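The values are calculated or read from the model by the stated rules, or taken from the named source; none is laboratory data. This is a predicted model, so every value here is computed, not measured. Reconstructed Cβ throughout: ideal geometry from the backbone, glycine too, with neighbour counts over all protein chains shown. For the accessible areas, the whole protein counts, side chains as well, though only heavy atoms, and no ligand, DNA or RNA atoms are used. Shrake-Rupley method; radii C 1.70, N 1.55, O 1.52, S 1.80 Å.
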Amino acid sequence: MSKGKAHKKYEYGCKASVVLTQKTGIIVGAMTFKTNVYDGHTLEEVLEQTTKLTGRTPKTATADRGYQGKQQIGKIRIHLPKPPLKRDSAYQKT
């Protein structure tokens, strides 16, 4: 996978998606992807797996900015953080 960083040209491994419950933080789903897939394209597969494993469809999903693009998948509402403001510190922007 090409990362586009001068000091670290290539990185090897798999992309992983993990689903946690919002209140307790228990892992209820996890998948790995061998290809360099865009984060937003993995979300639907992971949520389907979570529904199969738990028998319940999540009402909401909270993700990082890498999952931008979709506001809703089926009946599941996707919550993303807002873009950083110019006045935010470098720590707040990550």
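List of remarks:
- Here's how it looks for ALA30: its modeled amide H is under 5 Å from those of VAL19, which are all 5 or more places away or on a different chain.
- Computed over the chain, relative contact order equals 17 percent, with contacts defined as Cα pairs under 8 Å that lie 6+ residues apart.
- Neighbour net charge for GLN92 - beta-carbon separation under 12 angstrom, K R +1, D E -1: +3
- Computed [θ] at 222 nm, helices only, for the chain once each DSSP H run of length n ≥ 4 contributes -39500 (n - 2.57): -6000 deg cm²/dmol
- Cα gyration tensor shape of region 41-94, rounded if a/c is under 1.5, else prolate or oblate by comparing a/b with b/c: prolate
- Sites LYS93 and THR57, calculated FRET efficiency, Cβ-Cβ separation with R0 35 Å, nearest 0.05: 0.60
- Accessible area of the chain divided out per residue, in Å², using a probe of 1.4 angstrom: 82
- Extension reserve of the ARG65-LEU85 stretch, reckoned as 0.36 nm per residue once the Cα distance is removed: 5.8 nm
- Candidate values [x] 40, 29, 26; [y] 55, 29, 21; [z] 45, 35, 24, label of the one derived for Cα extents along the principal axes in Å: [z]
- Counted over the chain, the DSSP beta bridges are approximately 75% antiparallel.
- ³J(HN,Hα) computed for each position of region 24-39 - Karplus, 6.51 cos²θ - 1.76 cosθ + 1.60, integer Hz, glycine/proline x: 9, x, 7, 6, 10, x, 7, 9, 10, 10, 7, 9, 7, 8, 4, 3
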